[in-house]
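Worksheet: one structure, shown below.
The values are calculated or read from the model by the stated rules, or taken from the named source; none is laboratory data. Please read these numbers as outputs of a predicted model, since none were measured by experiment. Glycine also receives a Cβ, built like all others from the backbone with ideal geometry; neighbour counts cover every protein chain displayed. Calculation scope for accessible area: heavy atoms of the full protein, side chains included, ligands and nucleic acids excluded. Shrake-Rupley method; radii C 1.70, N 1.55, O 1.52, S 1.80 Å.
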Amino acid sequence: LFRMENGSLPPKTEGFVSRMALNDNKAGMEGLDRDKINKIIMETSKGSKFYENELKREQQVNQRIEMMLQKEQITEQQLKKAQAQVERMVAELEESRDLTRAIVHVDMDAFYAAVEMRDCPELKDKPMAVGSMSMLSTSNYLARKYGVRAAMPGFIAKKLCPHLVIVPTNFDKYRAVSNEIREIFTDYDPGFMPVSLDEAYLDFTEHVEKRQSWPESLRTRRYRASTTTTGEESGKLAQEAAPGTPDLSPVLFEDSPSSSSNSEDAGDAFEIFGTSVEEAVREMRFRIEQKTMLTASAGIAPNMMLAKVCSDKNKPNGQYRLPPTREAVMEFVCDLPVRKVSGVGKVSEKLLSALGISSCSHLGQKMALLSLLFSETSWHHFLQVSLGLGSAFIPRHEERKSMSTERTFKEMSAVEEQLSLCHELCEDLANDLKKEGLKGKTVTLKLKNVNFEVKTRALTLPYPVATADEIFTVAKDLLKTERDNESPQPLRLRLMGVRVSAFVSSDHKKPLQRSIVGFLNSGRGESGSSQRAKQQHLKENSQLSSSSQIWPLGCQRARAKRLQLQAAAASTTQQAGLGTSPPPVSGKTDASGRCPDGGSPALVCPICLLSQDDDDLGMFNRHVDLCLN
DNA sequence: GCGGATCAC
DNA sequence: CATGGTGATCCGC
């Protein structure tokens, strides 16, 4: 039935690798010659191993679409039932719609490129990108006019724009700038959520409330705050960007006539901001620009999903506020291309497109069908998007779940070489793990061969590992297994990676305790928002039903960990400073986990309460972790 | 728990 | 000459 209406695949993707086509999703790509650019991309790529692999993956997606369209043997009956279910859920979701929060998404404009341009004036009027001939991280707006964009290899970018200047990445510098802008974020929302070095979500609600009663003096911001100039270079740069250059806000000259007389110094120039959200966000962007000489864009909306889309709307150096009314939200969402929504990538876009869905209103119209073709989590997400719903609170920063390191290199087939590389990766990873005091039970080896085919091989141990040797022991086994698997052909690799996950709650610090507290008052701050935030959090978190079990388990874990720690302290130093320690798990053991009645030196596990024969602390810890699992 | 895939930046 | 690295999540076993 459905196929009759929409029986064809998107027309232009025939014999065309849509995976590789120019991504005009990003800002700054208006009015350029897509066809010409795509032609150059294709001609440059054709015949490469990379291209062949992309073709293959494209085929897989096409197959998936075929399967999906097959499943469309859906009866009118089923569709009706699904529609009823959808409508029930819509009503429920509508009930929970929260328009009371002012969520802001901030995003630095062409971040890495902007930093490099700031620090090297020669680059200002040239098309440039940050990265290497193999891969670009980002490009400036001049380069984007040629179709040069993030995630494009430099050598292709050079074909699109022969005069392109490619600057190598300076992560330390970007990190430093990132810290500067995060200091500013803190003033508006101490619980802001960083997405990456240049991007963050903030909840402005409470700031704006307070701001209502602020006098002008607290909302007055000076141009070119003096404290950040650190050396002669930035001093020189400050001059370069002095009045007259288009880099400064035009506002300096249009709105502040009183200061124009001493604008050469600009030291007395200032601006007063209002009390609305928009003014607060404008102020924040102003401070970012004054502090870093870089511009940011921002979106203001009732939830994170919408704020993210809004921040893109007036980029670069602009902001957009979506009014907090249901009507405004629905109108905004109506013509919104699904691809603009965070979480909908190239593949999802293509799958939806095969169903005749390109905008969010289409999404709503075909929701019954989607509920039959996609997984529950997927269509629930689609449904939320179609209603303009998203998280109205900013979740606490979660603890990391994995840590990895990987490297791409020239073809490598020699076993010796591979082993040596693997060991190096394990050492690097162990180093990183040590910095955060992490140990994990699962080790994963990632391999990519010269045909760009990726494989991962994992093994979960009954105990956590952290050192290079421990990880390498596992990783080299996984590598050997894979080698045996492929033999007698050698593994012709172009990438290898090692990952550790399934962390056990790490000792010393107290991340566990923090996360329990976070769970209890999962809203931030102490206002009425916390209740709402908690509700929302629980609603969105499918573990609602198990929350009652998490509690005592968490306590048990925390207690066991404390005992482990104290046992460690007791065994290394013989000090008797444990008088303030918590009560023992049972009458048989004291807090150190040792038997109190003198004689036996054996450790007692606080979980299973069995004496551990081995007096070795490492073995004891391993046992406790085992019990905790 | 595993492995492939998708996604964001 | 040449198509990245890190972390998360989901799905179907």
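Looking for whichever is open to solvent by 20 Å² or more (accessible area, probe 1.4 Å), within 13 Å of DNA strand C (Cβ to nearest atom), basic (K, R) and closer than 30 Å to A:A307 by Cβ here; the options are A:K401, A:K410. Which one fits? Before you say what the answer is, go through the steps one by one.
Values: A:K410 fails: closer than 30 Å to A:A307 by Cβ.
The conditions single out A:K401.
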Legend entry - Cross-chain or 6+ apart pairs with Cβ under 6 Å, segment A:306-327 first and within 23 Å of A:Y141 (Cβ to Cβ), then of a type in the set (K, R) and at pLDDT 95 or above: A:V309/A:K340; A:Y320/A:K313
Inset, instruction - Would you mind finding the one in A:K71, A:K124 that is away from DNA strand B (no atom under 16 Å from the Cβ), farther than 30 Å from A:S353 by Cβ and surrounded by fewer than 17 Cβ atoms within 10 Å (Cβ to Cβ)? - result: A:K124
Legend entry - Residue identified as under 25 Å from A:N179 (Cβ atoms), surrounded by fewer than 21 Cβ atoms within 10 Å (Cβ to Cβ) and modelled with pLDDT of 95 or more among A:E278, A:E271: A:E271
Legend entry - Options A:E349, A:E331: the member that is under 24 Å from the mean Cα position of the chain (by Cα), more than 16 Å from DNA strand C (Cβ to nearest atom) and acidic (D, E): A:E349
Inset, instruction - Working carefully through the options A:V450, A:V504, A:V500, find the one that is β-branched (V, I, T), at pLDDT 95 or above, within 15 Å of DNA strand B (Cβ to nearest atom) and under 30 Å from A:E411 (Cβ atoms). - result: A:V500
Inset, instruction - Please state which one of A:K410, A:K401 is away from DNA strand B (no atom under 14 Å from the Cβ), farther than 20 Å from A:K480 by Cα and among the basic types (K, R). - result: A:K410
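Matching residues to (1) within 30 Å of A:Q59 (Cα to Cα); (2) within 14 Å of DNA strand B (Cβ to nearest atom):
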| residue | (1), (2) |
| --- | --- |
| A:K315 | no, yes |
| A:Q319 | no, no |
| A:P324 | no, no |
| A:V329 | no, no |
| A:K340 | yes, yes |
| A:V347 | yes, yes |
| A:L352 | yes, yes |
| A:G356 | yes, no |
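When you check A:Q63 against the structure, is it assigned by the TED database to the domain that holds A:G390 and either touching a helix residue (DSSP H, G or I) at 6+ places or on another chain (Cβ under 8 Å) or over 21 Å from A:L383 (Cβ atoms) (or both), yes or no? Step through it out loud before you land on a result.
Numbers: assigned by the TED database to the domain that holds A:G390: no; either touching a helix residue (DSSP H, G or I) at 6+ places or on another chain (Cβ under 8 Å) or over 21 Å from A:L383 (Cβ atoms) (or both): yes.
Considered against the rule, which asks whether it is assigned by the TED database to the domain that holds A:G390 and either touching a helix residue (DSSP H, G or I) at 6+ places or on another chain (Cβ under 8 Å) or over 21 Å from A:L383 (Cβ atoms) (or both), A:Q63 comes out as no.
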Legend entry - Tabulated pairs, segment A:96-112, first open to solvent by 30 Å² or more (accessible area, probe 1.4 Å), second of a type outside the set (A, V, I, L, M) and part of a strand (DSSP E or B), C-beta under 9 angstrom, 6+ apart or interchain: A:Y112/A:G131; A:Y112/A:S137; A:Y112/A:T138
Inset, instruction - Please state which one of A:K159, A:K145 is in contact (Cβ under 8 Å) with a residue 40 or more places away in the chain, more than 16 Å from DNA strand C (Cβ to nearest atom) and either open to solvent by 50 Å² or more (accessible area, probe 1.4 Å) or not assigned by the TED database to the domain that holds A:F185 (or both). - result: A:K145
